[in-house]
1. Return the distance in nm (one decimal) between the two label points of a simple spin-label model at residue 64 and residue 52, each offset 7 Å from Cα along Cα→Cβ.
2. Let me have the relative contact order for the stretch 5-67, percent, based on Cα pairs under 8 Å that are six or more residues apart.
3. Compute the FRET efficiency between residue 41 and residue 6 as 1/(1 + (r/R0)^6), taking r as their Cβ-Cβ distance and R0 = 25 Å, and round to the nearest 0.05.
């Protein structure tokens, strides 16, 4: 679920109401490695938070851009 820091409460609420086995792995873009642990504290037993550093996110964006087919005239 893409979003920004305003998305965190709704994601946490959705997880709180969900029923599943195991943990949901949530990748959170984080400039400094902070994965919003406090915001997901109420559902800590249902999630595994993984900070996604800016360098990795930027590398993925560069790769995706290179993989997209170019349109005529590009």
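Just so it is clear, none of the values below were taken in a lab; they were calculated from the coordinates. On a predicted model such as this, the values are computed, not experimentally measured, just so you know. Don't worry about glycine lacking a Cβ; one is built from the backbone with ideal geometry, like all the others, and counts go over all protein chains shown.
1. 0.7
2. 34
3. Values: r = 18 Å, r/R0 = 0.72.
Rounded to the nearest 0.05, the efficiency is 0.90.
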